[in-house]
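Participant: Next up is a structure, given as structure tokens.
The values are calculated or read from the model by the stated rules, or taken from the named source; none is laboratory data. Note that the structure is predicted; figures quoted are calculated from it, not measured. Because the Cβ atoms are built from the backbone with ideal geometry, glycine has one as well, and the counts that use them run over all protein chains shown.
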């Protein structure tokens, strides 16, 4: 979701990131990882367990740009697919307002279809779907295309309202007034899917069989926020969605998600980087101590040391938030991710000899980890990319290093509205023995980001704090157990912390079982699988950054789906051609 405040949308469907990052990058990272590419587009090479030493020569040119997803995902198309649009009500629940309609974008593939095959809908979620759509329904490595082909189905990629070209009132930008987002919420977006399904047809392609849910089973597939929507659609609209695949779905709304970083700590231990996690912790606590001392000169020097001249103008909170960008690639790559990933930073901290040239007056007491982290040549450039700023990274060069800017990416603006009003997910400091984040990155700071983005929003639609209790009452939170639904999570996925399979001490102790539930049967146990040594939505990948458990997870879903589809019957048997995937 992926991510929180600031990140968690080029592509959170492939799933989300964190912190004050642009959510667009979270989506990009997941797709690029699936294609076997690092965030900068360079080929991913699976390292040995110990990992390669940091190449200092590579650091001499610390250029970092996010690769275009389109560059790596161009398929050899079996059919010519263009975006299509369906007209939907702006408000599904009060027609008396007569607010009119908007056009919602989607893509549909029918190359594998045989009459009677299911309709599969892949939900992109909080992102512009255009960079994701054709990969999902045309590329042979896409797991979604594979299951559509397996069941002789129709494949649909769906764009969420207020993202991409599915925006009532015109494109979203930094000047879009808050009132325009009044009808951006999860309830309205779920109703969009139900309304679309009730009128879906491909007769223009010569498919005369009825494809609406009365005559054809619909299967909803999503990861992260779309994984939540997969579960909610089956729960709220069971006559529309017959089965759902909910991957990495944090269905429990929570203002506080400081525990986002707990699986990161545990994963770093598991992957052999315990020393690095402790060094990051020591550096973070040292920085907190400097800020606690209220010595403005020392604090300014520290900020300049990391981000260059001009960084000292930022508050302690915004600087602390910028430090968390080192974890931006965790959910997509784990320790990997090339020059933007944790492995390279850890190699630099653990084995490098370079330290910052900035002279801090109490540098003798400064942990080496602080100096090495500050001197990491990709840190400032990564911060610039994620936070849309221009810090110089050099003590003698003044940069435009404003870390407190509004988001300008349209998808991030819309997602900020959603988490600030309904879901929370504030990824603040995880204080305690596994602390990785500065205490100055507080819940109050995360709330301030919401009101920074929408300072004039009316209180009746934009509460001071996210209305998470209301959200959980409406959607069920951890307790949701729709039938015909498969759940998956990565062992070290930060978003697992708010899923029904959460391993955190405050979460319900739910039994995760691979025992196949009967058709339509609700149960207390969770039908799903926790993928070992995996992060976010790893079972949506067939190539690239993968783990063996990803295929295992997909197998549980398709095995269940085959069983559940045996029970499905259309309303009225007249003309039903049977189940073509069994022929």
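Participant: When you scan the range 270-285, do you find a residue that is surrounded by 17 or more Cβ atoms within 10 Å (Cβ to Cβ), at pLDDT 95 or above and touching a strand residue (DSSP E or B) at 6+ places or on another chain (Cβ under 6 Å), even just one?
Facilitator: No; the residues of the range 270-285 include none that is surrounded by 17 or more Cβ atoms within 10 Å (Cβ to Cβ), at pLDDT 95 or above and touching a strand residue (DSSP E or B) at 6+ places or on another chain (Cβ under 6 Å).
Participant: Now, a different point. Consider residue 462 carefully, then state whether it is closer than 22 Å to residue 120 by Cβ and within 23 Å of the chain's Cα centre (by Cα). Quick ask: steps written out before the conclusion?
Facilitator: On the way: closer than 22 Å to residue 120 by Cβ: no; within 23 Å of the chain's Cα centre (by Cα): yes.
Spelling it out, it is not the case that residue 462 is closer than 22 Å to residue 120 by Cβ and within 23 Å of the chain's Cα centre (by Cα).
Participant: Name, by its number, the condition in (1) modelled with pLDDT under 95; (2) under 19 Å from residue 227 (Cα atoms); (3) within 22 Å of the chain's Cα centre (by Cα) that does not hold for residue 544.
Facilitator: (2)
Participant: Go through 428, 438, 414 for me and flag whichever is farther than 18 Å from residue 317 by Cβ and either modelled with pLDDT of 95 or more or surrounded by fewer than 24 Cβ atoms within 10 Å (Cβ to Cβ) (or both).
Facilitator: Values: 428 fails: farther than 18 Å from residue 317 by Cβ; 438 fails: farther than 18 Å from residue 317 by Cβ.
Answer to the check: 414.
Participant: Which count do you get for residues in the range 521-559 that are farther than 12 Å from residue 481 by Cβ and in a loop (DSSP other than H, G, I, E, B)?
Facilitator: Initially, the range 521-559 is screened for residues farther than 12 Å from residue 481 by Cβ, giving 529-559.
Narrowing the set further to residues that are in a loop (DSSP other than H, G, I, E, B) leaves 532-537, 541-547.
Of the residues in the range 521-559, 13 are farther than 12 Å from residue 481 by Cβ and in a loop (DSSP other than H, G, I, E, B).
Participant: When you scan the range 483-498, do you find a residue that is part of a loop (DSSP other than H, G, I, E, B) and either more than 23 Å from the chain's Cα centre (by Cα) or not assigned by TED's automatic domain parsing to the domain that holds residue 189 (or both), even just one? Even if it seems obvious, please write down each step before you answer.
Facilitator: Residues of the range 483-498 part of a loop (DSSP other than H, G, I, E, B): 483-484, 491-493.
Checking the rest, the ones that are also either more than 23 Å from the chain's Cα centre (by Cα) or not assigned by TED's automatic domain parsing to the domain that holds residue 189 (or both) come to 483-484.
Yes: one or more hits.
Participant: Now for a separate question. Where in the range 106-206 are the helices (runs of 4 or more DSSP H), entirely inside, with at least 3 residues that are in contact with a helix residue (DSSP H, G or I) (Cβ under 8 Å, 6 or more places away or on another chain) and closer than 18 Å to residue 416 by Cα?
Facilitator: Details: elements: 130-138, 143-150, 186-197.
Result: 186-197.
Participant: Say we look at the range 448-495 and pick out the residues that are touching a strand residue (DSSP E or B) at 6+ places or on another chain (Cβ under 7 Å) and crowded, with 23+ Cβ neighbours inside 10 Å; which of these is nearest to residue 563 (Cα to Cα)?
Facilitator: 484
Participant: Moving on to the next point. Go through the range 234-257 and report how many residues are crowded, with 24+ Cβ neighbours inside 10 Å, outside any loop (DSSP other than H, G, I, E, B) and under 17 Å from the mean Cα position of the chain (by Cα).
Facilitator: Residues that pass the stated criteria total 3.
Participant: Answer yes if at least one residue in the range 564-581 is touching a strand residue (DSSP E or B) at 6+ places or on another chain (Cβ under 7 Å) and at pLDDT 95 or above, and no otherwise.
Facilitator: yes
Participant: Looking only at the range 499-520, how many residues end up being assigned to a strand (DSSP E or B) and over 24 Å from the mean Cα position of the chain (by Cα)? Write out each step before concluding.
Facilitator: In the first step, residues of the range 499-520 are kept if they are assigned to a strand (DSSP E or B); the result is 512-513.
Okay, now just the ones that are also over 24 Å from the mean Cα position of the chain (by Cα), so 513.
Count: 1.
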